[in-house]
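**Student:** Quick one: the structure is below, questions incoming.
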Amino acid sequence: MADEREKMKFIENWVIKHDSVYTAATRHPFIHSIRDGSVDLSSFKTWLGQDYLFVRRFIPFVASVLLKACKESDDESDMEVILAGLASLNDEIHWFKKEAAKWDVQLNAVTPQKTNQNYCRFLESLMQPEVNYTVAITAFWAIEAVYQLSFAHCLEDDAKTPPELRAACERWGNEGFGKYCDSLRIIANRCLSKALEDVQVKAELTLLQVFELEVEFWNMSEGRNN
Ligand code: HMH
């Protein structure tokens with residue numbers, strides 16, 4: 001019985017095993033700067049414009065995960081969790097437009113930076129039909145969880161997040177989004193526990209790649225690369 005439970009904890013074990021890159025992604029200096037109020041607003045605006053472009057490319061990826069769930073999942077409730085994710089991305093697109101107007105960011109003039117392009121190319125590679133549902137759902141969890149954990153950190157009681165940035169933090173840091181990430185993790189663990197070892201290995205590598213790409217995305221927002 002205890003053994004059964006351990007088997008279901010692939011994600012938890014990988015997060016411990018790869019703690020340094022996981023922490024780098026979820027506790028990045030950019031997030032610390034939002035949390036302590038020292039954030040450079042031009043970095044925030046860069047992040048906002050680039051993330052809008054990212055989300056536009058993330059939507060077809062999520063749609064591809066939905067398609068895989070419909071074809072490959074042995075549990076029909078997976079589809080409902082992913083569909084809810086897609087629905088919240090619809091709100092997110094509207095939110096980005098409103099937020100961009102508030103910060104005077106011209107979304108139609110933003111072009112994707114190299115780091116963003118790399119990340120989007122990675123998403124496209126995961127959209128291929130030959131990529132296993134288990135691998136795709138693991139990546140999906142990692143992508144959502146990095147934002148959830150990062151922005152929830154900015155909303156803790158002792159955080160000094162500036163009021164004008166709280167709405168952004170609440171988008172991903174709210175409790176409902178946390179629950180949604182928990183659902184994705186449970187799905188991923190269930191799929192992983194039934195997967196062949198080569199699929200498990202691929203999923204672990206993909207999760208690591210997500211954490212690395214997330215670190216680079218934060219770096220890009222702070223103008224540390226490109
Ligand atoms: C870079 N990662 C990036 N942008 C996002 N909006 C998300 C994750 C969403 O979870």
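The values are calculated or read from the model by the stated rules, or taken from the named source; none is laboratory data. As the structure is a computational prediction, the values presented were derived from the model and not from experiment. When we count neighbours, we look across all protein chains shown, and the Cβ atoms used for this are built from the backbone with ideal geometry, even at glycine. Remember, those area values only see protein heavy atoms, side chains included, never the ligands or the DNA or RNA. Shrake-Rupley method; radii C 1.70, N 1.55, O 1.52, S 1.80 Å.
**Student:** Which of the residues spanning segment 32-58 are more than 18 Å from THR115 (Cα to Cα) and either assigned to a helix (DSSP H, G or I) or in contact (Cβ under 8 Å) with a residue 40 or more places away in the chain (or both)? Steps first, answer last, please.
**Tutor:** Looking only at segment 32-58, we keep the residues that are more than 18 Å from THR115 (Cα to Cα), and these are 32-41.
Once the filter is applied, which keeps residues that are more than 18 Å from THR115 (Cα to Cα) and either assigned to a helix (DSSP H, G or I) or in contact (Cβ under 8 Å) with a residue 40 or more places away in the chain (or both), segment 32-58 yields HIS32, SER33, ILE34, ARG35, ASP36, GLY37, VAL39, ASP40, LEU41.
**Student:** Now for a different question. Go through segment 67-82 and give me each residue that's within 16 Å of the ligand (Cβ to nearest atom) and either in contact with an Asp or Glu (Cβ under 9 Å, 6 or more places away or on another chain) or open to solvent by 20 Å² or more (accessible area, probe 1.4 Å) (or both). Don't jump to the end; show me each part of the working.
**Tutor:** Taking segment 67-82 as the starting set, the residues that turn out to be within 16 Å of the ligand (Cβ to nearest atom) are 81-82.
VAL81 - this is the single residue of segment 67-82 that is within 16 Å of the ligand (Cβ to nearest atom) and either in contact with an Asp or Glu (Cβ under 9 Å, 6 or more places away or on another chain) or open to solvent by 20 Å² or more (accessible area, probe 1.4 Å) (or both).
**Student:** Please go through segment 64-80 and give me each residue that is over 15 Å from the mean Cα position of the chain (by Cα) and part of a helix (DSSP H, G or I), ordered by number.
**Tutor:** The initial filter retains those residues of segment 64-80 that are over 15 Å from the mean Cα position of the chain (by Cα), namely 64, 66-80.
Of everything in segment 64-80, those that are over 15 Å from the mean Cα position of the chain (by Cα) and part of a helix (DSSP H, G or I) turn out to be SER64, LEU66, LEU67, LYS68, ALA69, CYS70, LYS71, GLU72, SER77, ASP78, MET79, GLU80.
**Student:** Now for a separate question. Can you work out which of the residues in segment 185-199 that are closer than 14 Å to MET8 by Cβ and aliphatic (A, V, I, L, M) is surrounded by the fewest Cβ atoms within 10 Å (Cβ to Cβ)?
**Tutor:** The extreme case among them is ILE186.
**Student:** Restricting attention to segment 200-222, report how many residues are open to solvent by 60 Å² or more (accessible area, probe 1.4 Å) and within 16 Å of the ligand (Cβ to nearest atom).
**Tutor:** The initial filter retains those residues of segment 200-222 that are open to solvent by 60 Å² or more (accessible area, probe 1.4 Å), namely 201-202, 205, 209, 212, 216.
If we keep only those that are within 16 Å of the ligand (Cβ to nearest atom) too, we end up with 209, 212, 216.
Qualifying residue count, segment 200-222: 3.
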